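Below you'll find the structure, written out as structure tokens, and then a few comments.
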Amino acid sequence: MTNTNASETSTTLVTGGTGKTGRRVAERLEARGLPVRIGSRSGTPPFSWDDESTWEQLLEGVGSVYISYQPDLAFPGAAESVGRLSKLAADKGAERLVILSGRGEEGALAGERAAQEAGLDWTVVRCSWFNQNFNESFFLEPVLGGELALPTGDAVEPFVDADDIADVAVAALTDSRHAGKVYELTGPRLLSFDDAVAEINRATGRDIRYVRVSDEEFRGILKENDLPSEIADLFGMVLDGRNAHLMDGVQQALGREPKDFSSFAREAAATGVWNP
């Protein structure tokens, strides 16, 4: 195991470095004065999970890696790509790896194993639905339009905040005490998607509707918006009750409570992001 300060002088490659968690991880590392390399399609040089020729240059001189696989670690081919990147990172001299994984996703476990077998000090950060799906991702447009239609039924979810995810990831990237740990992160309470929309309404004073649709109807919505149909498969899998319980990963890693959805909603509303 590397010592606590091993990554204090080495560069961290942040894949998905412009995404919901990667951007926050990069910002936190840079705020500490630590060198960061952004892995994204728009980066210089660019990074793409689909083009392995983009990997080697970005991994030169890297001491640690944050892996956030796009579009999702449970998608076909993800584990193989993660395994090859992790092994290349180890061959290039990296010592530490933190992987963002899916909570309750069997397919994501293969990605975790691939990262763990690369020979690096590893930490797994498991999450499911982010608060920020409502203001930075595919729920934003429907919320702005006043109606969110999803095939979630009565499912409840302990939505977790991307700031908490990033804080845990940065702790794991910079402190060897987190090596070999699997942190399963949730928010502090269970909410239905109807509850989440109600919280947004309270924070904004708007009247956004939550509409339950069938799986078939949802697949039609995805197709209309050029989104992968696998998203519907994930909905059906992770909202069957398997994640309808709280975990204490944030408390374990950081020694504090996670952010509640109502706090997130108030902060997001104050930015005006939900103003139509």
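The values are calculated or read from the model by the stated rules, or taken from the named source; none is laboratory data. All of these numbers come straight from a predicted model, not from anything done at the bench. Using ideal geometry, Cβ is built from the backbone for each residue, glycine included, and neighbour counts are taken over all protein chains shown.
Would you confirm whether or not region 97-116 contains a residue that is in a loop (DSSP other than H, G, I, E, B) and over 15 Å from VAL238 (Cβ atoms)?
No, that holds for no residue.
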Inset, instruction - Tell me which residues, restricted to region 130-165, are part of a loop (DSSP other than H, G, I, E, B), touching a helix residue (DSSP H, G or I) at 6+ places or on another chain (Cβ under 8 Å) and within 20 Å of GLY104 (Cα to Cα). - result: PRO151, THR152, ALA155, PHE159, ASP161
Legend entry - ALA94 being part of a helix (DSSP H, G or I) and buried (at least 18 other Cβ atoms within 10 Å of the Cβ): no
Legend entry - Extreme residue, nearest to ARG126 (Cα to Cα), among residues of region 29-80 that are assigned to a helix (DSSP H, G or I) and among the acidic types (Asp, Glu): GLU80
Inset, instruction - Looking only at region 258-273, count how many residues are assigned to a helix (DSSP H, G or I) and of a type in the set (D, E, K, R). - result: 2
Inset, instruction - Could you tell me which of the residues LEU190, LEU185 is touching a strand residue (DSSP E or B) at 6+ places or on another chain (Cβ under 6 Å) and surrounded by fewer than 18 Cβ atoms within 10 Å (Cβ to Cβ)? - result: LEU190
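Select from region 46-76 the residues that are more than 20 Å from GLU95 (Cα to Cα) and surrounded by 16 or more Cβ atoms within 10 Å (Cβ to Cβ) and list them in ascending order.
Matches in region 46-76: PHE47, TRP49, THR54, GLN70, ASP72, LEU73, ALA74, PHE75.
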Legend entry - One residue from GLY119, GLY111, GLY102, GLY145 being small (Gly, Ala, Ser) and touching an Asp or Glu at 6+ places or on another chain (Cβ under 7 Å): GLY102
Inset, instruction - Look through VAL168, VAL197 and report the one residue that is surrounded by 23 or more Cβ atoms within 10 Å (Cβ to Cβ), in a helix (DSSP H, G or I) and either out of contact with any helix residue (DSSP H, G or I) (no Cβ under 7 Å at 6 or more places or on another chain) or among the hydroxyl-bearing types (Ser, Thr, Tyr) (or both). - result: VAL197
Legend entry - Verdict on PRO258 being at pLDDT below 95 and under 30 Å from ILE99 (Cβ atoms): no
Legend entry - Breaking point among (1) at pLDDT 95 or above; (2) exposed (fewer than 14 other Cβ atoms within 10 Å of the Cβ); (3) assigned to a helix (DSSP H, G or I), for LYS223: (1)
Legend entry - Given (1) touching a His at 6+ places or on another chain (Cβ under 9 Å); (2) farther than 23 Å from GLU136 by Cα, number of the condition THR12 does not satisfy: (1)
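If I ask for residues that are surrounded by fewer than 18 Cβ atoms within 10 Å (Cβ to Cβ) and either in contact with a strand residue (DSSP E or B) (Cβ under 9 Å, 6 or more places away or on another chain) or in a helix (DSSP H, G or I) (or both), which ones from region 202-218 would you list?
Listed by number, the residues that qualify are ARG202, ARG209, VAL211, ARG212, VAL213, ASP215, GLU216, GLU217.
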